[in-house]
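First comes the structure, then the notes that go with it.
The values are calculated or read from the model by the stated rules, or taken from the named source; none is laboratory data. Here the structure is a predicted model, which is why all the values come from computation and not from measurement. No Cβ is skipped: glycine too gets one built from the backbone with ideal geometry, and neighbour counts run over all protein chains shown. Accessible surface is based on the protein model in full, side chains and every heavy atom, while ligands, DNA and RNA are left aside. Shrake-Rupley method; radii C 1.70, N 1.55, O 1.52, S 1.80 Å.
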Amino acid sequence: MPSAVTLSQITKSYGSFTAVDRFSLEVERGTVFGLLGPNGAGKTTLIKILTTLMRPSSGDATVEGFSVLSAGKEVRRRIGVVPQENNLDRYLTARENLILHGRLHGMKPAEYNPRIDELLEMTGLAGRQHDFPDTFSGGMQRRLVVARALVHEPRVLFLDEPTTGLDPQSRRALWEHIRRLRHTMTVFLTTHYMDEADALCDRIMIMDHGESLADGSAAQLKDAFSRAHTYEVDFRGDASGFREILEELPFVRSVEQEGATFRLTLSGEDALKPLIDSPVGRQIRKICLLEPSLEDVFIALTGEKVRE
Ligand SMILES: Nc1ncnc2c1ncn2[C@@H]1O[C@H](COP(=O)(O)OP(=O)(O)OP(=O)(O)O)[C@@H](O)[C@H]1O
Ligand SMILES: [Mg+2]
């Protein structure tokens, strides 16, 4: 069974600038894959190549087994696309936008009408379906673009920052919908929201400067970057003077203190027992491992610097 999406050694150059460099990837069917990366990392470039809007400079990519180079039509038939910029037809009403899309995919009214009713309901736009997109808020337009991508029940759904500009209610409604879709289609999304990637994606890839930096489930990525072994420790009673004692312990790398709460970075997991056995050990009331967030992982990999 072919993968839903493959990229093999994809390179894309704009003039002398290489935006994506020999990038390879396979996405398993029926999963939600999330591509994360700072502005300019190359996410949209990859989505444009996969959705046949742009040809790679070298390498090949497939969707549901069809090459984007030699079988673009087959690819387009099987995908739904939510581009980073809304591209609705402003001279058609919301419903007409969806109907046009259904027709372009060879659907008959008996097929697309019930589907469109369902999608308008799901995106909360049923009451505005006969209005023009220009009269919609940014978030409502975004929801309409998402609905449009689903009219023809694609096998693979590409979402380039689908929830940018959506209010928390709409974001959650869309998450819910994506979760329901995951068993019937493959979802390939980009996002700048770490909580979104954490909540939705079976697998996350963090990229920068056209290359992959890390790849795995949210839990795997956090694990791989929690080597620092930082613990939050609360002591019983008066903890004044503990700081000096803790700093002297050979297996304690660093100490931060906020009142009676200490943040200790230990040399490793095997330092826990010596800590308990140390002079302050009996006074420990609570100790817990500080898990890095996905955002910590992202910043550790891509740096703090803001992109041009
Ligand atoms: N048409 C183009 N001509 C020249 N350079 C381009 C073009 N499109 C993209 N680039 C450059 O390629 C790089 C990758 O851009 P891309 O749009 O893929 O980034 P992205 O990861 O989607 O970023 P963002 O998070 O801001 O959407 C950037 O440095 C961008 O300036
Ligand atoms: Mg982009």
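A few notes on this one:
- Here, the chain yields an orientationally averaged convex hull projection of 20.8 nm² when only Cα atoms define the hull.
- From phi via Karplus (6.51, -1.76, 1.60), per-residue ³J(HN,Hα) for region 203-214 in Hz, x at Gly/Pro: 9, 10, 10, 9, 10, 7, 6, x, 10, 7, 10, 7
- Working from label points 7 Å from Cα in the Cα-to-Cβ sense, the residue 86 to residue 121 distance is 2.4 nm.
- Karplus-derived HN-Hα couplings along region 282-299 (A = 6.51, B = -1.76, C = 1.60, θ = phi - 60°), whole Hz, x at Gly and Pro: 5, 8, 5, 9, 8, 9, 9, 6, 8, 7, x, 7, 4, 5, 4, 4, 4, 5
- Relative protection proxy for 103-110, 114-121, 179-186, from highest mean packing down: 114-121, 179-186, 103-110 (other beta-carbon atoms within 10 angstrom).
- Shape call, region 108-196: gyration tensor on alpha carbons, a/c limit 1.5: oblate
- Cα gyration tensor, region 230-290 - rounded (a/c under 1.5), prolate or oblate: rounded
- Using a Förster distance of 45 Å, the FRET efficiency for residue 176-residue 248 (Cβ separation, nearest 0.05): 0.30
- Projecting the Cα atoms of 177, 201, 38 onto the charge dipole of the chain (Cβ charges, centred on the Cα centre) puts 177 farthest toward the positive pole.
- Amide N of region 46-75 lying under 19 Å from the label point, which is placed 7 angstrom from the Cα of residue 155 along Cα→Cβ: 47-53, 60-75
- Placed amide H near residue 257: partners under 5 Å, 5+ positions off or other chain: 263
- Helical contribution to [θ] at 222 nm, DSSP H n ≥ 4, -39,500 (n - 2.57), averaged over the chain, rounded to 500: -9500 deg cm²/dmol
- Accessible area of residue 230 in the full protein assembly, 1.4 Å probe (Å², nearest 10): 30
- Additional length obtainable on full extension of the chain from residue 289 to residue 260, 0.36 nm per residue less Cα span: 8.8 nm
- Environment charge at residue 271 (Cβ cut-off 12 Å; Lys +1, Arg +1, Asp -1, Glu -1): -1
- Using the Cβ-Cβ distance between residue 305 and residue 273 with R0 = 41 Å, the FRET efficiency computed as 1/(1 + (r/R0)^6) comes to roughly 0.55.
- Backbone HN-Hα couplings from phi across region 251-262 [Karplus 6.51/-1.76/1.60, Hz, Gly and Pro as x]: 9, 9, 7, 8, 10, 10, 10, 10, x, 8, 9, 10
- Note that region 34-90 shows a convex hull volume over its alpha carbon atoms of 112 Å³ per residue.
- Partner lysines for residue 273 [C-alpha distance under 18 Å; skip if fewer than 8 residues away on the same chain]: 286
- Whether region 134-177 is rounded, prolate or oblate, judged on the alpha carbon gyration tensor where a/c under 1.5 counts as rounded: oblate
- Checking the cross-link pairs 12/222; 48/73; 12/43 against a 22 Å limit on the alpha carbon distance flags 12/222 as lying beyond it.
- Bridgeable aspartates and glutamates around residue 108 (alpha carbons under 19 Å apart, same-chain partners fewer than 8 residues away excluded): 96, 117, 118, 153.
- Surface analysis of the chain yields an accessible area of 51 Å² per residue, using protein heavy atoms and a 1.4 Å probe.
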